[in-house]
Every structure is written in structure tokens, then in C-alpha cells.
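Take a look at the structure below.
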Amino acid sequence: MEYSHEIIRPNEDIPFKLFVFEGSDGNYIRQKHWHRSIEIFALFEGKLTFFINEQEYPLRPGEFMVVNSNEVHSIFAPEANKTIVLQIPLSTFENYYTDERFIYFSRSSRHQDEEVMKLIGDMFRTYTEKGCGYELKVQSQFYMLVYLLVTKYRQTEVSPEVVRLGKKLNRLSAITDYMKKNYSRDLSLETLAKTFGYSPTYLSRMFRKYALTNYKTYLDGIRLEHAVELLERTDQSIGEIALQCGFPNSKAFSRAFKEKYGMLPSGFRRGEGCE
């Protein structure tokens, strides 16, 4: 399983991101990834299953899931669901960091669920209705939610291993951000290592240990995401898409595509189901 680093950007009119979960139609898997922001999934209908640092967390209606900064996680949505997602920039909590410049929220303190769920539901209604002064109202609701997080869910004692892993993934994020911006170029392990001042051996070990994948698999995953979009939205040939996405040729592209999706790019474009 490859991991990817996700970049979170706030909505334009509010200092956080609030939206309907992209897997609300069901039959959805979000592969393992991580980001610096704090993420909250509030489930109102249906069911979701989270996998965070290899642990499984099933979610039922009326419950929410907090995903901490730099926690590797994936999501399985087997059926249609009603889920609101809130992504909060980490800097929101900077006055509540530990001495390690770190903050961590517990998933075991459930007694505030009803109040948190109501706040998120109210925030979403306020934001989507966009009545007069909605920006002020939704931010007042947001800061009440932040208050509950720091007073009821924040853990002041976090294991050194959790802090260390967070810092390592934070360092790796700078590298994966660079890869996402330059995926179409020749990005050999040696070139990337030199750019960031590491030896190729050390950088390779970072990917295996903290992203649980190898460098090439991760890079191919970035390129394939862009290739899928081009297959769906353009009439470009397979060879053109391969080169545009950074693959040396169509054969290498087809091999990587089949390995990840269980079918060839041509079959995907024809609408054939995955194996």
C-alpha cells in the first residue's frame, strides 16, 4: 500500500475547509495518505471505516473521527453516507502545542460527541445557506468547536514515538510536495536526494520506514493520478499521456497502470471494470 501526502487549503471565505465527503455515494476507498492539518469526519448517516496507523476504527451515525496531524490514514465507505468533513490548519492550535511544538487529540473521549456533531451540522448549514453575516456566524461556531477540542479531546502527554513519527512525516512532506509539483520531470532517487541534501540510501530508507512504500512506487502513484485524469478528460493518445506524466514510454506507463488498477490504460478509457 502506498501512502501520499495531501495538501489542505482553506475555503476562500473562511479560515478552514468544510465540505461534503467525496465518498458519500459509497463504494469508495481513499488510499493511505497524511497531511499536517487536523481533520474531522462527522458521520450523520451510513457507515465508514477508518484505518489510522494500521488500527481499524468503525464509525456509526452520530459519531465523528479526529485525524491528527501527520497520521497516516485511509477510509472505506462501502455504502452511501452523509458525512461532513472539516479540515483545520494546524496553526489554529499553536497556543496549545506541547513543549515539542506538537498537539494530539484523543479518539477515546466520546462524551462530547453530541455537542460536536451538532456544531458541525450547524456550521455546514450556516455556510451553505450563506445568509447575511454567515462568515461571522460560521466562525463563531467554528471557534466553539475548537474550544471543545482543546478542552475535552487534547492529550497533554503524548508518547515520544508518536511525536517522532509526526516529525519524520513532516520532513517527508516537503519532499513529497516537491514530487507532486515536478512529477513530469526526470525525478530519479539520486536527483531528489541531492536536492534535499540526503544520500540516496537514506532517502530510500525514509520512504520504506515512514511511508511504508518504496520511492518508485510512490512516484508512479503520483503520475498515475494525473494520467487517470487525462484518460478521462482528454483524447490524447496513451503514448502522449505517458510522456506528459513523466513515464519514459507507454510500455512503462501501461505496466504501472495495470499493477495499480488491475487493467490497462486502454481498458480504463473504454470503461471496462477493474479486475
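The GluC sites (Glu not before Pro) of the stretch 56-155 that meet both conditions, a loop assignment by DSSP and at most 16 other Cβ atoms within 10 Å of the site Cβ, are 79, 100.
Note on the chain: with a GNM built from Cα contacts shorter than 10 Å, the maximum mean-square fluctuation among 24, 173, 159 falls on 159. Rolling a 1.4 Å probe over the protein heavy atoms gives the stretch 34-167 an accessible area of 49 Å² per residue. In straight-distance terms, cross-link reach from residue 258 covers every one of the lysines whose alpha-carbon lies under 28 Å from its own, apart from those fewer than eight places away in the same chain; here that gives 32, 180, 181, 209, 216.
With 5 Å bins beginning at zero, the pair-distance distribution over Cα atoms of the stretch 110-235 amounts to 2, 8, 13, 12, 9, 8, 12, 15, 12, 7, 1, 0 %. Over the residues of the chain, the helix contribution to mean residue ellipticity at 222 nm works out to -13500 deg cm²/dmol, using -39500 (n - 2.57) for each DSSP H run of at least 4.
Computed over the stretch 95-173, the range of Cα coordinates on each principal axis works out to 46, 30, 19 Å, biggest value leading. Listed values for the stretch 140-145 are Karplus-derived 3J(HN,Hα) couplings in whole Hz (6.51 cos²θ - 1.76 cosθ + 1.60, θ = phi - 60°), namely 5, 5, 4, 6, 5, 5, and x replaces Gly and Pro. For the chain, averaging the sequence separation of C-alpha pairs within contact (under 8 Å, six or more residues apart) and dividing by the residue count gives a relative contact order of 16 percent. In terms of accessible area, using a 1.4 Å probe and ignoring ligands and nucleic acids, 48, 230 rank largest first as 230, 48. Annotation: amide H-H contacts under 5 Å for residue 48 (H modelled 1.01 Å from N, sequence separation of 5 or more, or interchain): 59.
Per Stokes-Einstein, at 10 °C and 1.306 mPa s, what whole-number D in µm² s⁻¹ belongs to the stretch 224-275, with the Kirkwood radius over Cα pairs as the hydrodynamic radius? Translational diffusion coefficient: 149 µm²/s. Overall shape: prolate for the stretch 162-275, with the ratio a/c of the largest to smallest alpha carbon gyration tensor axis at 1.5 or above and a/b above b/c.
Of the residues 191, 237, 84, the one whose Cα sits farthest towards the positive end of the charge dipole of the chain is 191 (charges of +1 on Lys and Arg Cβ, -1 on Asp and Glu Cβ, taken about the Cα centre). Here r is the Cβ-Cβ distance between residue 237 and residue 91 and R0 is 35 Å; the resulting FRET efficiency, rounded to 0.05, is 0.20.
Taking mean projected area of the Cα convex hull in nm² as calculated from this structure, the corresponding entry among [x] 16.1; [y] 21.7; [z] 14.0 is [x].
In the context of the full protein assembly, residue 44 retains an accessible surface of approximately 70 Å², using a probe radius of 1.4 Å and ignoring ligands and nucleic acids.
On the protein heavy atoms, probe 1.4 angstrom, tell me the percent of accessible surface of the chain carried by carbon and sulfur. Whole-percent figure for carbon plus sulfur exposure: 49.
The modelled label-to-label distance between residue 152 and residue 202, using points 7 Å beyond Cα along the C-beta direction, is 4.5 nm.
Which aspartates and glutamates does residue 194 reach when only Cα atoms under 17 Å apart count, and residues fewer than 8 places away in its own chain are ignored? Output for residue 194: 177, 186.
Residues of the chain were split at every exposed loop site, defined as trypsin sites (Lys or Arg not before Pro) in a DSSP loop with at most 13 other C-beta atoms within 10 angstrom, and the longest piece left, sites excluded, is 1-100.
The values are calculated or read from the model by the stated rules, or taken from the named source; none is laboratory data. For clarity, every value in this text was computed on a predicted model and none was experimentally measured. Counting neighbours? That spans all protein chains shown, and the Cβs are built from the backbone with ideal geometry, glycine included. All accessible areas refer to the heavy atoms of the entire protein, side chains included, with ligands and DNA or RNA removed. Shrake-Rupley method; radii C 1.70, N 1.55, O 1.52, S 1.80 Å.
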